[in-house]
Amino acid sequence: MPKPLYIDHQATTPVEKAVLEAMSPFWSENFGNPHSNGHVVGWQSNAEIEKAKQKVSRFIGASAGEIFFTSGATESNNLAAFSLSGLVRLSPNRKQILLSPIDHKCILNAGLFWADKFKLEVKFLKVDSEGYIDLDYLSESLKTPSLFCSIGYVNNEVGTIQDIKAISEIVRATGCLFHSDAAQAPKTIECDELAHFTDLLSFSGHKIGGPQGIGILYINANLQDSLTPLLHGGGQQNGFRSGTLPLALCVGAGRACELFTEPEALEKRQMTAKVRDYFYQRLLTLPSDISLNGPPTLERHVGNLNISFGGFDASELLMSLQPHVCASTGSACTSGEIEVSHVLSALGLSGDRSGSAIRFSFSHDIKIDEANQALQYLSDCLS
Ligand SMILES: Cc1ncc(COP(=O)(O)O)c(C=O)c1O
């Protein structure tokens, strides 16, 4: 069987070669527990964790003490909300939290659960038909004193890139804490000043050429005295997130972040956009009812295309592309019922248009030849 054409890089990315190389000594040669503070092997491991934190912090303009490792962006997003539980009591007049309707379920459901537990009101913000946050509505909503606002930087389904600076100014001017899920950002945009615009930030190793099973949470130093831990145990990571850190995965996450600070990162983004744009232009020549969901390609995530194929059911179309082409549908199957994408619904798309939408997500190493093969399979399935 020929190798499947993988056009699903917003679901997960392969581990970059440089990241694999950086990780390789830390499985069975330098394997020490970074929290063993009584011997040299532990000290060496601990020093590697610190180096990894330095790399992450340089990548977003933070300091190493503001970086916490987690198991992935799901945990980072949950921790972002729950770590502020102590502030609920300290700020009794701030009873509202704000969420973006197009964010990943792992921040939406964490926010809803947290709000329910601490009797906070949840307000969902508004987005326009391309997924951009309505800034007037955001300002209006903040007239009610708010504790926490979470808005994803780059959307995982339609690739919308928010004006994080403008949003940050509006939110933080009111004293509300600002969190952003930036899991999809590094592959498409510079993140070097991101920590200046946010109080908390989430990332995932496996979305950025790093390994699966590791995430990053940045927490502004000013907040750290009032944090509430979610995981209790041996007191690792300043008592904030107990548990032995996975040395090799932390090293991998650090190296993956460091790669974005190297000159090749820009070139890779340009190569990604080139193959994505080629694919889209060729797609438009197929005799099918094709519409692009979300912002124009020039404005969105360099690798993202979200396309509705009029008259087709996306899950069936994707199934008919197997085992040749891997992409995603936004729909989820919950207890046998197909649930349409909450992102496409928030953009105002009809059920038919959402139900026929497939997300293709490209990377720099997809060749034009491979894009042509994928187009051929698609054209066969559509005819
Ligand atoms: C924007 C965004 N946030 C969070 C997640 C969850 O990340 P993880 O798999 O690291 O828990 C994803 C994964 O799809 C995502 O795209």
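The values are calculated or read from the model by the stated rules, or taken from the named source; none is laboratory data. Not measured: the values here are computed from a predicted model. When we count neighbours, we look across all protein chains shown, and the Cβ atoms used for this are built from the backbone with ideal geometry, even at glycine. Each accessible area value is taken on the protein alone, full model and side chains, heavy atoms only, with ligands, DNA and RNA left out. Shrake-Rupley method; radii C 1.70, N 1.55, O 1.52, S 1.80 Å.
Across the stretch 1-58, Cα pairs under 8 Å and at least six residues apart give a relative contact order of 18 percent.
When you restrict to C-alpha pairs under 8 Å that are six or more residues apart and normalise by the size of the chain, the relative contact order lands at 23 percent. The Cβ shell under 15 Å around Asp225 holds other residues with a net charge of -1, Lys and Arg each +1, Asp and Glu each -1. Listed values for the stretch 38-49 are Karplus-derived 3J(HN,Hα) couplings in whole Hz (6.51 cos²θ - 1.76 cosθ + 1.60, θ = phi - 60°), namely x, 8, 5, 5, x, 4, 5, 5, 4, 5, 5, 4, and x replaces Gly and Pro. Applying the Karplus relation 6.51 cos²θ - 1.76 cosθ + 1.60 with θ = phi - 60° to the stretch 275-290 yields 3J(HN,Hα) values of 6, 4, 5, 4, 4, 5, 4, 5, 4, 5, 7, 6, x, 9, 8, 10 Hz, where x marks Gly and Pro. Summing charges over all other residues whose Cβ lies under 12 Å from the Cβ of Leu375, with Lys and Arg as +1 and Asp and Glu as -1, gives -2. Judged by the ratio a/c of the largest to the smallest principal axis of the C-alpha gyration tensor, the stretch 101-144 counts as oblate, that ratio being 1.5 or greater while a/b is no larger than b/c. Here the sum of -39500 (n - 2.57) over DSSP H runs of 4 or more residues, divided by the residues of the chain, equals -11000 deg cm²/dmol at 222 nm, to the nearest 500.
Calculate the length of the line joining the C-alpha centroid of the stretch 126-187 to that of the stretch 95-123, in whole Å. Cα centroid of the stretch 126-187 versus Cα centroid of the stretch 95-123: 14 Å apart. Annotation: for a label point projected 7 angstrom from Cα along Cα→Cβ of Arg172, residues of the stretch 220-246 with backbone N closer than 20 Å are 220-227.
Database remark: amide H of Val127 closer than 5 angstrom to the amide H of Asp134 (H placed geometrically; neighbours at sequence offset of 5 or more, or on other chains; Pro and chain starts carry no H).
Solvent-accessible surface of the chain, averaged per residue with a 1.4 angstrom probe and all protein chains in place: 43 square angstrom. Overall shape: oblate for the chain, with the ratio a/c of the largest to smallest alpha carbon gyration tensor axis at 1.5 or above and b/c at least equal to a/b. Here the stretch 36-120 exposes an accessible surface that is 56 percent carbon and sulfur, computed with a 1.4 Å probe and the other protein chains kept in place.
Prolate is the label for the stretch 47-101. Its Cα gyration tensor axes, ordered a ≥ b ≥ c, give a/c of at least 1.5 and a/b above b/c. Taking amide H atoms as placed 1.01 Å from N in the peptide plane, the amide H of Ala11 has no partner under 5 Å among residues 5 or more positions away or on other chains.
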